[in-house]
Structures are given as structure tokens and as C-alpha cells.
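One structure is given here, and the rest of the page talks about it.
The values are calculated or read from the model by the stated rules, or taken from the named source; none is laboratory data. Here the structure is a predicted model, which is why all the values come from computation and not from measurement. Neighbour counts are summed over all protein chains in view; Cβ atoms, including those assigned to glycine, are modelled from backbone coordinates with ideal geometry. Ligands, DNA and RNA are stripped out before the accessible areas are found, and what is left, the full protein with its side chains, is counted by its heavy atoms. Shrake-Rupley method; radii C 1.70, N 1.55, O 1.52, S 1.80 Å.
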Amino acid sequence: MIKRSRKKSFQPPTTLKGSGFSAVAHSVEASPSVNMSNMSVCFSKNASESPEPCKAEVQGNIPNWLQGTLLRNGPGIFSLGETSYEHWFDGMALMTSFTFKDGEVTHRSRFLRSDTYKANMAANRIVVSEMGTMAYPDPSKNFIFKAITFLNHTVPDFTDNGASNFIKYGNEYFATSETNYIRKIDPDTLETQDKVDYLKHLPVNLVSSHPHYDHEGNTYNMGTCIAEKGKTKYVVFKVPAIPDKDSLKKAEVVCTVPCRSLLTPSYYHSFGMTDNYFIFIEQPLKLDIIKMATAYMRGVNWASCLKFCPEENTLIHIIDRKTGKEVETKYYTGAMVVFHHVNAFEEDGHIIFDVIAYKDNGLYNMFYLSKLKENPGFHDDSYGKPNYRRFVLPLRTDKTSAIGEDMVTLKHTTASAVKEKDGKLLCQAEVLCEGFELPRMNYNFNGKKHRYVYGSMVDDSAVSKQIGKFDTESKKMVLWGEENCLPSEPIFISRPNGESEDDGVVVVSVTNSNPDQSCFIVILDGKTLKEVARGNVKGRLYRDMHGFFIPNTN
């Protein structure tokens, strides 16, 4: 239910001003302190937008080759009138951009003017439901109005509050969450444009917010088709790289995978792709469609309809990109929850794919605002640290191989794939490191063998206080962080014609709670994680989720 409290209508907070300070590169043992009582306000306080471009105060030297715009997206408004969102992920989207040009950086931010935003603002209360917050009728409305509202929620029309990420389809950019609605945006001005319904082009009710892009610029994404003609299935689709508008109109289904249960499809946030295969993890974190349809009547949110089933296995689907068919061998592993794939590649007859995995779905529960407010340290004993896991799947298996034989023949990994009586392979991952999330890498190596991954360090809580660079070969970690600062997901930007995989910079938006100091965008050397430059912004920066870099090709 929506929390109600006596509070004034939404008013944007005043911006803070201040000067930055020099960064410190830390070794793996270092851990900068953070005053978490100060940081908790970042998760529940309404943001303010700064729609006009404002030049940041640059310290250091931004590389001349860094030309383009970094878009970032996340929740920004958490309360309206006497109503508040229950979950941090539910907040209305705030888009932020940092434009790098000729050694300077400009910053701006805008709220996504979605239909959800417009309806909520007009009513000065939350009237559109989100995953973790169910909206209920105004108590002053009559019975007929309440009955209509009930029917609308029984068969829900999902929100278009795209607060998770940005997707590029053709030459257009969209703010997205995981519903069938996305909103086109102008990446230069952050103005909200057309509302797009996937269902007008593809049979998908829910869609991943982490697509893949090939070298030709085609986009591949994945969605769930719920109970169409008595079947629930997962759909991988391709949006071609065409210069015209409305590229989604030319979207085509590449392949489908039947759901193992009709009314409880698996939840997923991302998937993997190599040059020749798609990798889809059908995990035992399930969305109960019947419970979802009755959630409003039962007075619960849709998130309560997600159920983790630890007694069930995780199925690993490998799909041939050329034929659209699953490979003959069947793979599975134990129960786990994965939100983010790192990368996948092929090597000597095997598929190697890396993921960030959890023991259960406790991560989502960590971000209920009531928990964040009650526990300013963000630590929860029920929260299990994420593991960076590497799975290795042999593509070809000898039918004469003995039961119990490990079919992995690569020598540089401890991951295994053991043959069972029915011919299936039980796969066990190699754990490369712990406490690492929001993985990003040099996207030129997507689908190919990589070595370096950049991510957020979350050793003692679900909230990052440091950025890490992990070497998958040496297993060493280099860290960067500052006192009383919370860094966002790191974005690696490759130097044009770079000589190595880590030849580039890592760009991080940083929320700063130090008195009289600015929030800032920091540019780190991709090899050492030492600071190259930073831009101190005149307004506030806020916690967000994911980002997308658009290079300036002019």
C-alpha cells in the first residue's frame, strides 16, 4: 500500500554548491569511510531537475578524444502530496546527461515526462502503480470510480516510467524499465517524446532493459510473452540498424523458448550473446501471473507476486543465432538469482559466460525505502553478497562418455559440466570474486574473450562505496573511492584505436555528502583507476541505475 503521511506537496530541493577535492586511488585493501546517516537522504528525498545545460568546473585534463554524451537514468521523485512510493526502484524517472566536448563537460537533468509522471503530478498523488507500490483510489472518490479502478488493475496496464536504463533502436534512444512501454527521448535536450508500445510490434509483455548490439548496430533484446494462445514463452528479437525512424516497426523475432511453467515465467534482467549463440538463464525466481492479476484486490504490490523457489534448478538455454534453435545438449545448475550478465564468449568448443549471481532474491528487498530509512548503514544480515561466477558449457559432448564425467576440457578454469544419466549436464561455476556488481567492460569485446571488468563494490551492503577494476586472469582488484561519496555504475569508454582492452577511461557520476563540496563526474584511467579529471557540478547529482554513452562521431 501507499504510505500516507502529513507532508507538503512535492517541491524540488534547493541545489548545493561547493568545490571538489583531489581523488585518491586505493589499493585492494583500502576502504574509504562513508557517513551513511548523511547518505540515506539520497534514497528518499525528491530530486530537482536542471534542464538547462550548465558547465562543470573541470579539475585536471579531460582527454581531447573524449567527445560525446553520457546518459544516466534512475528514480528521482519518491513522494507526492500525502503519498509515497514503497520501493526505491519505483520512483519517477530522472534522466541526467554529461556532454564532453573539447576538454569541457556540461551537465543537465530532466524528469521523464511519461504518462505516469503527468497523471501523478496532475493528481498530486501516486495514481499509477509500480512494481513495489500499488496505487489505490482517492478515498474521496465514489464507489463506481473505485470499481472501475479495480477492474483496470485486475488486468493491469503497466507504467511507462522508464527509470532503469536507455536503449538504442536504430538511430533513436528510449528510456526503459521492463514493461511493454518505452519512451523515446532526445539525447541532446533530454526532452520526452513518443510513447512506444512493444505489443504493437512484437508479442512481448515484459522486456529486458539490457539489450545487446552487434558491430553493424543491430539491437538484440529479449521479452516474455504471457499466455498467448495458451502458451507462455520467451522471445528473442532483433531490431535492425536502419537510419529511418520507427525501427521497431521492422523488428523480427529471432527465436522463442517455451516457458517451463505456463503461469509462472522466470524473471530476468539481462541475457548473454556470443558471435554464434544467445545465453538465457531461466532461473527459479518466478512471476506468478494469477497472483499478479489479483494483487490489487488482495491489497498487495506486484513485487509480492515474485517468488524464489530454492528447491528448483536453474535452466541454461543455449540458442543458435543462425537457426534459432536450442542446442541439443541440456544444461542446468542449482538455484540462483542473476540480474546482470557480464559477458559471454566461445573458446575451443565451449561457451564461457560470466554472471553476477545471488543465493536468493534478497537484493530487491534491500531497496524498500522503509529499510533504507530504518537502516542508514544499508547493511542487512539477510542480504547475500553477489558472486562473480564463470560458467563453462561444452557445446559438443560425446554420447559414449561415462556418467559422472566432467565434460569441460579447458585447463584454465575450475568450472565443471558433469554428465548425468539423462544426458543433461550439471554445471558448477568458478567463483572469480565476491562483492562485485553493476559490471561494465570494453563493449568492443562483447561476445569475445575479455580480461577486465569494471564494477561497483558492495562487500558489506547492497550500496556501492567504491569502484573496482577486476582482472579475470590474475584475479586482482584495483579500487577507487572517496570519503562520504557514493559512486554510480562505472562506464568504460574506449580510446579510439586503443592499443589494449583497458586503453580508455572509466566515467563515474558521484554523489558527494561532504559539507560544502560538489557532486562530480570523475574520469578515471582505464588501466590504473587513477583520476584523470573531474567536473564539479553546480547542482545535485542523485543515485541512479544504469547509463549509456553516445560518442560524438562528427
Legend entry - Cα-based shape type of region 166-303, given that a ≥ b ≥ c are square roots of the gyration tensor eigenvalues and the cut on a/c is 1.5: oblate
Inset, instruction - Quick one: grab the alpha carbon gyration tensor of region 462-504, order the square roots of its eigenvalues as a ≥ b ≥ c, and give me rounded if a/c is under 1.5, else prolate or oblate depending on whether a/b is larger than b/c. - result: oblate
Inset, instruction - Assuming R0 = 56 Å, can you tell me the calculated FRET efficiency for the pair Asp214 and Glu82, based on Cβ-Cβ distance, to the nearest 0.05? - result: 0.70
Legend entry - Diffusion coefficient, µm² s⁻¹, Stokes-Einstein with Kirkwood Rh over alpha-carbon pairs of the chain at 10 °C and 1.306 mPa s: 66 µm²/s
Legend entry - Chain lengthening between Asp348 and Ala123 when straightened (0.36 nm per residue, less Cα-Cα): 75.0 nm
Legend entry - Lys200 versus Lys101: modelled label distance in nm, points set 7 Å from Cα along the beta carbon direction: 3.2 nm
Legend entry - Length-normalised contact order for the chain - Cα pairs under 8 Å, 6+ apart - percent: 16 percent
Inset, instruction - Please say if region 159-220 is rounded, prolate or oblate, where rounded means a/c under 1.5 for a ≥ b ≥ c the square roots of the C-alpha gyration tensor eigenvalues, and otherwise the choice is prolate for a/b larger than b/c and oblate otherwise? - result: oblate
Legend entry - Span per principal axis, largest first, for the Cα atoms of region 407-477 (Å): 46, 29, 20
Inset, instruction - List, in order, the whole-Hz ³J(HN,Hα) value for each residue of region 169-184 obtained from phi through the Karplus relation with A = 6.51, B = -1.76, C = 1.60 and θ = phi - 60°; use x for Gly and Pro. - result: 10, x, 10, 10, 10, 9, 7, 9, 10, 9, 9, 7, 10, 10, 10, 5
Legend entry - Ser44 versus Glu434: modelled label distance in nm, points set 7 Å from Cα along the beta carbon direction: 3.0 nm
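So what's the back-of-envelope 222 nm ellipticity for the chain, counting only DSSP H runs of four-plus at -39500 (n - 2.57) apiece and dividing by all residues, rounded to 500?
So the helix-based figure for the chain works out to -2000 deg cm²/dmol.
Suppose R0 equals 25 Å; then what is the FRET efficiency for Lys322 and Phe445 from their Cβ-Cβ distance, rounded to the nearest 0.05?
Using R0 = 25 Å, I get an efficiency of 0.70.
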Inset, instruction - Describe numerically, in nm with one decimal, the distance between label points set 7 Å from Cα along Cα→Cβ at Asp246 and at Asp398. - result: 5.7 nm
Inset, instruction - Give the whole-number value, in cubic angstrom per residue, of the convex hull volume spanned by the C-alpha atoms of region 467-554. - result: 118 Å³
Inset, instruction - First compute the accessible area of the chain with a 1.4 Å probe, then give the percent of it belonging to carbon and sulfur atoms. - result: 50 percent
Inset, instruction - Give me the distance between the Cα centres of region 212-279 and region 427-456, rounded to whole Å. - result: 22 Å
Inset, instruction - Please give the length that would be gained between Ser261 and Lys411 if that part of the chain were fully extended, namely 0.36 nm times their separation in residues minus their C-alpha to C-alpha distance (nm, one decimal). - result: 50.3 nm
Legend entry - Stretch gain in nm, segment Ser304-Asp422, where the contour uses 0.36 nm per residue and the Cα spacing is subtracted: 38.9 nm
Inset, instruction - Compute the accessible area per residue over the chain, keeping the other protein chains in place, probe 1.4 Å, unit Å². - result: 41 Å²
